[in-house]
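The values are calculated or read from the model by the stated rules, or taken from the named source; none is laboratory data. If you're wondering where the values come from, they're calculated on a predicted model, not measured in any experiment. Quick reminder, even Gly has a Cβ in these numbers, built from the backbone with ideal geometry, and neighbours come from all protein chains shown. Side chains included, ligands, DNA and RNA excluded: accessible areas come from the protein's heavy atoms. Shrake-Rupley method; radii C 1.70, N 1.55, O 1.52, S 1.80 Å.
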Amino acid sequence: MKKIILVLIVAAAAFFAYKTRQQRQQQANPAVIERPVYAETKVDLKGDSGRVINSVVLVATASQTECDAAAAKMVQTVIDASARKGVTGTVKSIECKTELDSRMARLFANQPTFVTYMVLGRGKPEERETRMLYWGVTVEESDLLCEMVPQIQKGWVGKVSCVRAQR
């Protein structure tokens, strides 16, 4: 009888641990992010020619804590990727916002704007809606961003697409 009670206690503890872990994962990665906190990072990229291009990355995160971590990770990713291409990256701003200005909000509605931008949709709970754009480039140059879609799609479950600038 003692063995049966012990097995029941262990089974109950395992079930409780499983349910607690599952609840934590759901809280960290909710199915729907109702009130996103937007991580907005701006990094100036300067090549050998001296020309400066402004990189902007926006991510809709689930909380302020996640936003802080995502913003730091985005900046490091942009700086590392640019360094591999021989470009110097300088952080201009890192912000977490509960609301975006109308110009940036249009990006999350996937509406065409004055510049071409990339859309990374959310395909699994860990992924976040992300938008990437560059200022200081011609329309033709910003369209090159669209050529990167298939490469980025390989590492992203959600749909990756490009919204071309209004002409």
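Quick notes on this structure:
- Placing a label point 7 Å from the Cα of GLU140 along the Cα-to-Cβ direction, the residues of the stretch 150-167 with a backbone N closer than 19 Å are 164-167.
- For the stretch 37-163, the Cβ-based charge dipole about the Cα centre amounts to some 120 debye (Lys, Arg positive; Asp, Glu negative; other atoms uncharged).
- Within the stretch 96-115, backbone nitrogen closer than 16 Å to the virtual label 7 Å beyond the Cα of SER161 toward Cβ: 106-113
- Over the stretch 37-163, the fraction of Cα-Cα pairs per 5 Å bin, rounded to whole percents and listed from the shortest bin up, is 2, 11, 19, 25, 24, 14, 5, 1, 0.
- Inter-probe distance in nm under a simple model that places probes 7 Å from Cα toward Cβ, at PHE108 and ALA72: 2.3 nm
- Note on the stretch 116-167: with charges restricted to the Cβ of Lys and Arg (+1) and Asp and Glu (-1), its dipole about the Cα centre is near 240 debye.
- Cut-off 10 Å between beta-carbons: net charge of the residues surrounding TYR117, Lys and Arg +1, Asp and Glu -1: +3
- Ranking MET132, MET104 from most to least accessible surface, computed with a 1.4 Å probe over the protein chains only, gives MET132, MET104.
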